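Let me begin by presenting the structure, written as structure tokens, before commenting on it.
The values are calculated or read from the model by the stated rules, or taken from the named source; none is laboratory data. Here the structure is a predicted model, which means the values were calculated and not measured. Reconstructed Cβ throughout: ideal geometry from the backbone, glycine too, with neighbour counts over all protein chains shown.
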């Protein structure tokens, strides 16, 4: 049922017989009242009289409390937080006991003392009063708005007859386990715990074991822990699975009717060797004074209808999550790897972005349409790159070389435009963790970035830009992929860092083009990777929202995600918006209003961060497991950070970090210089500078805490098994 147009404020002028008022209307009504209100006083203002609608209103109010828009006081009244002297935000815990509050309004973090943190956990939503102290701005907790965790995952311990679980990861949250609630766990087991009572200033948290995952050395347990610890949904509701399985394995003939027929066009997919879900296929041919570029994307919205069981579960997941040993997909495999996936030599439904591209790399015309296609080939990046350089390609796909050459030509035109507009071109090395048949880490190697990766990337960016323009021109609620430049504080830090390497940059004119100039100037130099990493960390995180503010990193005025609806929910929403405009020629009657799209943007941004954090934790842990086998070996590392207590170093081959503690250096008193880029010995004058290469011995690895310790060979420590890890080898 189409959603009615977004209502204006003035809720008292209309009855609410079938619909709960929006957040904006609730805020407006409370603003007009000018005082805190109980639920019983709020409900009549919106014509709510039934118990069912009263409960629905209360649920919305609770959600607004959780998000910091309202506060519920001890008199059970709802208050507008903007009229209270409080700051709302999310707790960030530090392993040393203290913490910080990240305010919702984007202002600077507030310090939370260890005393305050006794009753708080990572991810809790709280309201605090801010106070200036010698340590800076400090927050004093007024109210806990919502708990960030209902479960924790960690190692079961038994000491002096007391059972407890210490959470895996950096925050080290501890929960006591009551008598009879151990669930058969043995000391050392990794378990999932349901929280029964949260900590207070005078008591510990209490929970019960709900699942025993196994011993910490069991293959796959690292991924299991990450899935549970981050709350990633990984079990399909029965009705969602039934809906997915209700579709046949082949596209019904009726579904092909009314679509443009591209089955004669040799579209190909180009993906990684281990990919199973193929979202996109491409084709390019010369046309006029340029090229005709066809980007065909899986038509997921045909199968996943808004508000269906499948859609609700996809929305909850937000994204597919890719771990080294498995994928937690956004859609059941019947769709993600089957009916939606653009597999070769079978009919598939798609939504196409067809573009006319000029010789200068500019899209002069584009259109979106429903089509049916049949992929001519499933190519890997390596295979396609080999075909491009081969004089006479052999094999079943040799006849596709010309089409690949056209794709390469349009890529080169796009790349020239990208350079002219000044998009930041990061080329950070990525590592791939390979597992053996038992699930053990076999190797960690650097992944080479081929020209075919860049071809697909630029084709997808072009389609994403056209999608953003389409929803912007159609004035329909949709999600843009927005990316803002560095904030003032991070900008100052970045400028100071770049100046230590002789780069004179003006913070007032630090555009993407200027940043790219700096990155190009360090290519091939020892500091290349470090400079790229620091520049990347200075940037704000990209996110989804219905208000378009452009994309700083890509130097684009409008950008959206359109090309991966099998694995990203925002792309699915963009498809629905474009298809609605194609069908109705107007935004009227679109299922989603602006307010709901704002919430979906916040939710999908959170699920993306959740996936990133979970996969990063697993990768770090698996790298530690791999490195533990090589304790005593020698490596060449790069100094990536200088701190008073030593040197953080990076192992380029596997993108792993470790510490050379100051006590491992040749005996001396060491001091960090005023620029923070060197550690200097007081007696010897020996300097250790940022980006300097060191030969070190791997001294120790703590897998649980994900810590790696190195000792420089110059300290007189002999290597047990001298070797040098090489790029591309485990």
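Residues in segment 67-77 include none that are in a loop (DSSP other than H, G, I, E, B), outside the structural domain of residue 21 (by TED's automatic domain parsing), crowded, with 16+ Cβ neighbours inside 10 Å and out of contact with any strand residue (DSSP E or B) (no Cβ under 6 Å at 6 or more places or on another chain).
Of all residues in segment 152-179, those being touching a residue at least 24 places away in the same chain (Cβ under 8 Å) and not in a strand (DSSP E or B) number 7. Name every residue in segment 590-642 that is in a helix (DSSP H, G or I) and within 30 Å of residue 501 (Cβ to Cβ), in order of residue number. Within segment 590-642, 612, 616, 619, 620, 623, 627 qualify. For residue 517, the requirement of being without any contact (Cβ under 8 Å) to a residue 60 or more places away in the chain, over 30 Å from residue 294 (Cα atoms) and within 18 Å of the chain's Cα centre (by Cα) is not met. For the subset of segment 472-491 comprising residues that are in a helix (DSSP H, G or I) and surrounded by 13 or more Cβ atoms within 10 Å (Cβ to Cβ), which member is farthest from the chain's Cα centre (by Cα)? Checked segment 472-491; the qualifying residue farthest from the chain's Cα centre (by Cα) is 472. Only one entry in 510, 530, 494, 498 is surrounded by 17 or more Cβ atoms within 10 Å (Cβ to Cβ), over 23 Å from residue 418 (Cβ atoms) and not assigned by TED's automatic domain parsing to the domain that holds residue 419, namely 530.
Would you call residue 227 at pLDDT 90 or above and closer than 23 Å to residue 93 by Cα? Judged against the criteria, residue 227 is a match. In segment 674-694, what residues are touching a residue at least 12 places away in the same chain (Cβ under 8 Å) and over 36 Å from the mean Cα position of the chain (by Cα)? Passing the criteria: 681, 682, 683, 684, 686. Note on segment 141-186: among residues that are touching a helix residue (DSSP H, G or I) at 6+ places or on another chain (Cβ under 6 Å) and either surrounded by 17 or more Cβ atoms within 10 Å (Cβ to Cβ) or over 23 Å from residue 97 (Cβ atoms) (or both), the one that is modelled with the lowest pLDDT is 168. From the list 313, 354, 362, 333, the lone residue that is farther than 30 Å from residue 626 by Cβ and under 23 Å from the mean Cα position of the chain (by Cα) is 313. When segment 315-327 is limited to residues that are assigned to a loop (DSSP other than H, G, I, E, B) and out of contact with any strand residue (DSSP E or B) (no Cβ under 9 Å at 6 or more places or on another chain), the one that is surrounded by the most Cβ atoms within 10 Å (Cβ to Cβ) turns out to be 323.
Cβ separations smaller than 6 Å between residues 6+ apart or across chains give the following pairs from segment 55-79 residues that are under 17 Å from residue 104 (Cβ atoms) to residues that are assigned to a loop (DSSP other than H, G, I, E, B): 68/104; 79/36; 79/73. All of 583, 602, 598 fail the test of being in the same structural domain as residue 559 (by TED's automatic domain parsing) and surrounded by 17 or more Cβ atoms within 10 Å (Cβ to Cβ), apart from 598.
Where strands (runs of 3 or more DSSP E) fall wholly inside segment 648-711, the ranges with 3 or more residues that are crowded, with 21+ Cβ neighbours inside 10 Å are 656-661, 693-702.
All of (1) touching a helix residue (DSSP H, G or I) at 6+ places or on another chain (Cβ under 9 Å); (2) at pLDDT 95 or above; (3) within 22 Å of residue 292 (Cα to Cα) hold for residue 398 with one exception: (2).
Each residue in segment 93-128 was checked for being closer than 21 Å to residue 63 by Cα and in a strand (DSSP E or B), and 7 pass.
The listed residues are 192, 127, and the only one of them that is farther than 20 Å from residue 617 by Cβ and surrounded by 14 or more Cβ atoms within 10 Å (Cβ to Cβ) turns out to be 127. Within segment 275-310, being within 23 Å of the chain's Cα centre (by Cα) and under 27 Å from residue 380 (Cβ atoms) holds for 275, 276, 277, 278, 279, 280, 297, 298, 300.
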